[in-house]
């Protein structure tokens with residue numbers, strides 16, 4: 001009998017089918033599956049697509065699955081039970097457990113019962129884990145209320161800074177050309193009727209045609225400009241690191257010493273932001289216990305095996321990671 | 001023969017029917033009429049409703065109208081001609097001229113050919129006027145790209161600060177209770193599964209159910225808290241004033257000395273913000289030439305008369321204002 005593990009993210013969704021010893025038999029991916037409070041269709045579509053691919057790759061069927069875990073943002077809220085019902089209706093095997101995305105991210109990086117997770121991808125959040133459960137959460141409030149230091153947050157500041165500079169309100173920055181070019185807008189052109197540069201008018205039109213979270217894809221431009229010593233970009237990067245340190249600091253309990261798992265594209269690819277963000281770690285948490293994970297699929301496997309009463313020790317954990325690596 | 005003047009705002013839309021001597025014969029209002037790049041239905045509905053009320057109050061019909069002016073954001077862009085066609089189809093009289101909202105706001109406050117306007121209501125923008133035309137514009141880029149110092153900008157910071165405090169990331173602030181109470185959320189309640197206070201979960205749900213610009217209605221809470229010496233609120237107010245000073249500064253040409261017209265609910269009701277915002281004025285622009293206007297309807301009347309080749313001098317200008325005041 002096999003186990004199903006799904007990790008749902010803002011950019012992509014990943015599924016794995018795994019044997020009881022932690023050996024991964026099949027792997028599949030699909031697009032963004034983040035549910036909102038008002039819409040679970042995107043999430044169901046992505047989870048079902050990734051699961052089908054993983055089952056096919058493992059030459060397995062839903063009937064072979066002993067238990068499954070879906071790691072997803074908002075699993076603890078009202079969205080969780082509703083999404084669970086829709087996934088069962090769509091043919092996913094039971095028992096299927098919905099787990100918070102940050103809990104599966106933690107278990108991708110560590111088997112320790114107590115520790116911390118800080119994630120900065122499209123969104124940003126930190127949690128404190130005690131006895132394998134989330135004890136405290138900071139941020140993860142979405143693009144309009146929080147996600148300070150996230151890809152959206154950085155991309156939003158990039159496009160706002162570019163707009164302010166085109167507008168005569170901001171200092172010159174390399175972000176103007178980088179942002180316009182990424183969005184396919186010509187950087188030259190006349191000043192139009194309202195005394196506003198043509199490129200700025202186009203920028204307004206393009207940006208309001210996007211979903212706000214899509215601004216996260218501008219974040220890499222900020223790191224590129226900051227490496228070239230652009231002052232505006234450097235300030236955005238520094239503030240992102242500060243914001244993430246504040247978020248992590250809000251969940252740190254000085255008496256709880258454990259590993260810190262870092263996740264999400266910003267922390268995975270920007271070591272300077274990661275270094276700045278972890279200054280809030282409690283003393284006793286030494287650098288070797290900071291682990292960066294690519295995503296939460298390994299952690300979803302750990303939880304799926306445990307929910308099936310399998311013991312996950314260091315050798316099973318290593319087998320999960322090595323077999324998963326060969327499949328992707 | 002009469003003239004039609006309409007001023008379209010983010011919160012309400014105002015229409016007036018006026019005689020050739022500037023005497024207002026009828027006045028009407030309707031809801032928010034701000035068009036987006038993608039939707040002009042709201043604007044058409046509000047403009048038609050306000051116009052009908054004003055015509056009825058003046059015992060006038062579209063056939064009596066010599067010329068009309070609609071002051072609206074985005075009049076200079078691609079939205080203007082499209083909106084114009086839809087308004088004529090909906091029965092508004094021709095000729096009907098679409099004018100930028102900031103140009104009509106300016107003419108509500110001054111007959112001088114050269115000057116400046118700074119508006120901070122739901123949005124925020126500044127323009128430089130030369131020879132009765134807009135020569136330069138700063139900001140007015142909407143909630144996602146700019147509108148720095150606007151009602152949205154202030155309200156967004158209020159709700160983000162309240163969320164950060166509930167989350168353990170921000171310092172204590174009176175904004176927590178003020179924001180929760182305004183949004184009808186109970187301030188007490190247990191910490192739930194994800195280690196997040198119940199009030200914060202509810203706040204997330206309520207805020208993501210709003211259109212972002214609706215956060216502008218939280219702005220008055222920030223001024224209330226700042227008056228009570230709340231540090232977080234005081235900082236938001238100070239930064240709003242700074243942002244508006246930067247926006248005004250971006251359009252100031254030291255060689256162009258003229259009156260400054262202030263508009264929008266933030267500048268009309270918050271003298272401390274207005275004082276901070278006008279530090280960017282060029283020398284020679286003395287305080288007496290700073291005029292605060294309630295809205296742009298008087299300016300739309302000025303432009304409607306001018307487009308009908310009527311001379312608008314100080315006595316006509318005074319008649320517009322006094323007769324308008326008796327009707328509303």
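Observations on the model:
- Within a Gaussian network of chain A (alpha carbon springs, distance under 10 Å), most fluctuating of A:125, A:163, A:73: A:163
- All-pairs Cα distance distribution in region B:225-328, expressed in whole percent, bin size 5 Å: 2, 11, 16, 18, 16, 15, 12, 6, 3, 1, 0
- Look at B:111, A:244 and count the other Cβ atoms within 10 Å of each Cβ; fewest to most, that gives B:111, A:244.
- Between the helical axis of A:41-57 and the longest alpha-carbon principal axis of chain A there is an angle of about 50 degrees.
- For residue A:327, label point 7 Å along C-beta direction: distances to other copies, nm: 7.3
- Inter-copy label distances at residue B:311, shortest first and taken from points set 7 Å along Cα to Cβ: 10.2 nm.
- Cα-based helix-to-principal-axis angle, A:198-208 vs chain A, degrees rounded to 10: 30 degrees
- Largest-first principal axis extents of the Cα set of region A:26-128 (Å): 36, 33, 23
- Relative contact order (%) - criterion: Cα under 8 Å, at least six apart; region: region B:225-307: 32 percent
- Innermost chain A residue relative to the axis carrying A onto B, by Cβ distance in angstrom: A:212, 4
- If R0 is 41 Å, the Cβ-Cβ spacing of residue A:177 and residue A:111 corresponds to a FRET efficiency of close to 0.30.
- Cα extents of chain B along the three principal axes, largest first (Å): 68, 46, 36
- Acute angle (nearest 10 degrees) that the helix A:231-251 long axis makes with the longest principal axis of chain A, alpha-carbon atoms: 30 degrees
- GNM top mover of B:160, B:89, B:67 - chain B, alpha-carbon springs below 10 Å: B:89
- Normalised by the number of residues in chain A, the mean separation of alpha-carbon contacts (under 8 Å, six or more apart) gives a relative contact order of 21 percent.
- The gain in end-to-end length when the residue A:208 to residue A:187 segment is fully stretched comes to 5.7 nm, 0.36 nm per residue minus the alpha carbon separation.
- The C-alpha radius of gyration of region B:29-78, expressed as a fraction of 2.2 N^0.38 Å, stands at 1.25.
- Distance between region B:185-247 and region A:164-243 - C-alpha centres, whole angstrom: 27 Å
- Using every pair of distinct Cα positions in the protein assembly as shown, the Kirkwood expression returns a hydrodynamic radius of 27.0 angstrom.
- Dividing the helix sum by the residues of chain A, where each DSSP H run of 4 or more adds -39500 (n - 2.57), gives a mean residue ellipticity at 222 nm of -13000 deg cm²/dmol.
- For chain B, DSSP calls about 60 percent of its internal beta bridges antiparallel.
- Contour minus Cα-Cα distance for residue B:63 and residue B:21 (0.36 nm per residue): 13.3 nm
- DSSP beta bridge pairing in the protein assembly as shown, given as percent antiparallel to the nearest 5: 60 percent
- Shown here is the pair-distance distribution of region A:169-252: with all Cα-Cα distances grouped in 5 Å bins from zero up to the longest one, the shares run 3, 12, 18, 20, 19, 14, 7, 4, 2, 1, 0 percent.
- Coarse-grained scattering of region A:99-199 at q = 0.13 Å⁻¹, given as base-10 log I(q)/I(0) from a Debye sum over alpha-carbon atoms: -0.62
- For chain A, built as a Gaussian network whose Cα springs stay under 10 Å, the top-fluctuating residue of A:239, A:275, A:52: A:275
- Full extension of the chain between residue B:90 and residue B:217 gives 42.6 nm of extra length, using 0.36 nm per residue less the Cα-Cα distance.
- Computed over region B:98-158, the convex hull of the alpha-carbon atoms projects to a mean area of 4.2 nm².
- Position residue B:228: other-copy label points at 4.9 nm, ordered by increasing distance, label point 7 Å along Cα→C-beta.
- Alpha-carbon spread of region B:114-257, three principal axes, descending order, Å: 62, 30, 21
- Compactness of region A:238-281, expressed as Rg and Dmax over alpha-carbon positions, Å: 10.3, 30
- Computed over region B:114-257, relative contact order equals 29 percent, with contacts defined as Cα pairs under 8 Å that lie 6+ residues apart.
Throughout, read-outs are computed from the coordinates displayed, never taken from laboratory work. Quick caveat, the model's predicted, so the values are computed rather than measured. Here Cβ is always computed from backbone atoms with ideal geometry, including for glycine, and neighbour counts include all displayed protein chains.
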